[in-house]
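Below is one structure, written out as structure tokens; the observations come after it.
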There are 2 protein chains.
Amino acid sequence: MLRKVCFFKTLTPREINQILSIARLKRYKSGDLVFMKEDIGNNFFIVKSGRIKIYTSIGSEKKKTFAFLKKGDFFGEMSLLGGKVRSASARAVEESELLVISKNNFKELIRQSPDFTLKLLYTLANRLNKTDKEIESMLFHNILGRLAEAIIDLTKDNHAKIIKIAIDQNELAEYMGTTRVPVCRAINTLKRSGVIEYRRGELTVLSMDKLRSISGNAV
Amino acid sequence: MLRKVCFFKTLTPREINQILSIARLKRYKSGDLVFMKEDIGNNFFIVKSGRIKIYTSIGSEKKKTFAFLKKGDFFGEMSLLGGKVRSASARAVEESELLVISKNNFKELIRQSPDFTLKLLYTLANRLNKTDKEIESMLFHNILGRLAEAIIDLTKDNHAKIIKIAIDQNELAEYMGTTRVPVCRAINTLKRSGVIEYRRGELTVLSMDKLRSISGNAV
């Protein structure tokens with residue numbers, strides 16, 4: 001089973017068994033909190049099924065979604081690697097199953113499994129690249145470019161011929177760290193230009209090329 | 001010698017020798033480019049002396065400094081861990097010496113030195129934490145809070161009794177990803193409130209507590 005989860009593809013059967021032997025399975029209902037920003041971090045998590053939102057908020061008004069994680073993704077490593085307290089909150093946005101690994105077992109795993117550690121390293125470098133790009137985008141782009149980037153990012157693992165994602169305007173706004181009204185306007189602009197279709201919380205990409213060119217990441 | 005460089009503190013003598021045997025030393029004058037954003041990345045760098053600025057720019061106008069790196073810091077790992085092209089530019093801002101390690105040797109090092117890899121992992125987690133905080137700060141804070149955060153960040157390795165840094169207003173503005181005029185105003189506000197002193201490119205922290213409270217990171 002676990003071989004199918006992308007995180008485990010690079011691991012040997014021995015390493016997969018090692019992870020399973022030290023992880024416990026925990027189930028979450030949609031809306032359940034996994035941990036909250038500023039909590040002391042004691043566990044590392046691998047998503048076995050479902051969808052987890054990583055986000056931060058200040059007060060009750062402003063929210064910023066850093067990522068939606070799904071099967072094979074992991075999270076919670078940051079406060080185990082130095083930070084101590086959680087730098088963001090994690091919440092299940094669907095019914096989800098997580099493999100939970102304690103801090104001590106996580107450190108043991110790093111020491112004993114070079115492939116696990118390499119995978120961690122690649123993922124962190126990747127996420128760092130993404131956040132650097134996001135900072136750039138916030139500084140240098142207008143809202144249209146940022147929306148285009150957010151859509152590209154949210155659909156990047158989607159290899160279907162017609163790319164659709166289910167996301168409402170509030171979720172999109174939080175992903176971009178902004179409010180609903182400008183996002184709504186930008187969506188309408190992209191609709192009118194024939195770049196996307198958006199109806200009842202479902203966004204369809206009509207032209208990925210145009211989207212890339214608007215985002216400034218044309219190839 | 002190398003034992004004194006903080007990056008190497010956690011490494012065994014054998015590992016340090018391994019690094020020295022595969023690295024070549026390269027010297028840079030102040031202002032020299034180490035690599036440019038979008039270059040193909042073929043090397044990993046450790047700062048032996050001097051100061052390196054990691055930054056990005058769009059057009060010739062807007063710039064954003066991600067970090068100033070000094071003795072013992074490393075950079076260039078990101079395009080060796082997946083990305084291929086450099087996600088930012090690197091330039092010497094003082095006369096600097098760098099230990100240069102090729103992509104193949106870097107990957108060999110990861111495979112063979114668990115302590116080197118762990119150190120990489122901790123540093124990436126740390127940088128990720130910092131960029132996440134920066135995104136938060138850009139979204140949730142006004143310019144005064146962002147300036148306070150930038151000053152705290154730039155002085156965090158400074159353990160002198162009176163904390164001073166040499167940085168001009170343009171550098172500060174680029175570090176914050178904004179322009180000089182609002183930064184200049186914010187500096188004056190902090191000066192008037194007795195939080196900092198700023199004269200001839202030298203900034204002195206008068207009250208770290210006040211600075212923390214303005215940044216929203218009071219303890």
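Brief remarks on what is shown
- Peptide A:110-120 has a mean shielding of 3, counted as Cβ atoms of other protein chains within 10 Å of each residue's Cβ.
- For the protein assembly as shown, the spread of Cα coordinates along the three principal axes comes to 58, 52, 43 Å, biggest extent given first.
- Residue among B:T178, B:N42, A:I152 farthest towards the positive dipole end of the protein assembly as shown, charges placed on Cβ: B:N42
- Other-copy label distances relative to A:D32, 7 angstrom Cα-Cβ extension, nm: 5.7
- Remark: chain B carries a charge dipole of roughly 320 debye about the Cα centre, counting +1 on each Lys and Arg Cβ and -1 on each Asp and Glu Cβ.
- Angle in degrees between helix A:13-22 and the longest Cα principal axis of chain A, rounded to the nearest 10: 80
- For region A:2-130, a crude dipole built from +1 on the beta carbon of Lys and Arg and -1 on the beta carbon of Asp and Glu, taken about the Cα centre, is about 200 debye to the nearest 20.
- Sum of side-chain charges, A:L109 neighbourhood, beta-carbon under 13 Å (Lys, Arg +1; Asp, Glu -1): +1
- Calculated from backbone phi, Karplus (6.51, -1.76, 1.60) coupling profile of region B:44-53 in Hz, x at Gly/Pro: 10, 10, 10, 6, 8, 7, x, 8, 10, 9
- Positive dipole terminus of chain A, leading residue within A:I187, A:L109, A:I163 (C-beta point charges): A:I163
- Gyration tensor (alpha-carbon) shape descriptor, chain A, a/c threshold 1.5: prolate
- Distance violations [Cα-Cα > 25 Å] among A:K130/B:K103; B:K26/B:K119; B:K48/B:K191: B:K48/B:K191
- The mean number of partner chain beta-carbon atoms within 10 angstrom of a residue's beta-carbon across peptide B:129-141 is 6.
- All-pairs alpha carbon distance profile, region B:141-215, 10 Å steps from 0, percent: 20, 63, 17, 0
- Nearest-first distances (nm) between copies at B:N188, label 7 Å from Cα via Cβ: 4.0
- Only Lys, Arg, Asp and Glu carry charge here, each on its Cβ (+1 for the first two, -1 for the last two); on that basis region B:90-219 has a dipole of about 280 debye about its Cα centre.
- When only Cα pairs below 8 angstrom with a gap of at least 6 residues are kept, chain A shows a relative contact order of 20 percent.
- Counting Cβ atoms of other protein chains within 10 Å of each residue's Cβ and taking the mean over peptide B:81-93 gives 2.
- The share of accessible area on the protein assembly as shown that comes from carbon and sulfur is 49 percent, using a 1.4 angstrom probe.
- Cα shape, region A:2-130, gyration tensor, a/c 1.5 rule: prolate
- Each Lys or Arg adds one and each Asp or Glu subtracts one; over the other residues with Cβ under 13 Å from the Cβ of B:S30, this totals +1.
- Think of a 1.4 Å ball rolled over the protein heavy atoms: the protein assembly as shown then has 50 Å² of accessible area per residue.
- Checking the cross-link pairs A:K63/B:K156; B:K64/B:K161; A:K53/A:K164; A:K133/A:K210 against a 21 Å limit on the alpha carbon distance flags A:K63/B:K156; B:K64/B:K161 as lying beyond it.
- Interface between chains B and A: roughly 3600 Å² of accessible area buried, both sides summed (probe 1.4 Å, protein heavy atoms only).
The values are calculated or read from the model by the stated rules, or taken from the named source; none is laboratory data. These figures come from a predicted structure and were not determined experimentally. No Cβ is skipped: glycine too gets one built from the backbone with ideal geometry, and neighbour counts run over all protein chains shown. The area values use the complete protein model at the heavy-atom level, side chains included, leaving out ligands, DNA and RNA. Shrake-Rupley method; radii C 1.70, N 1.55, O 1.52, S 1.80 Å.
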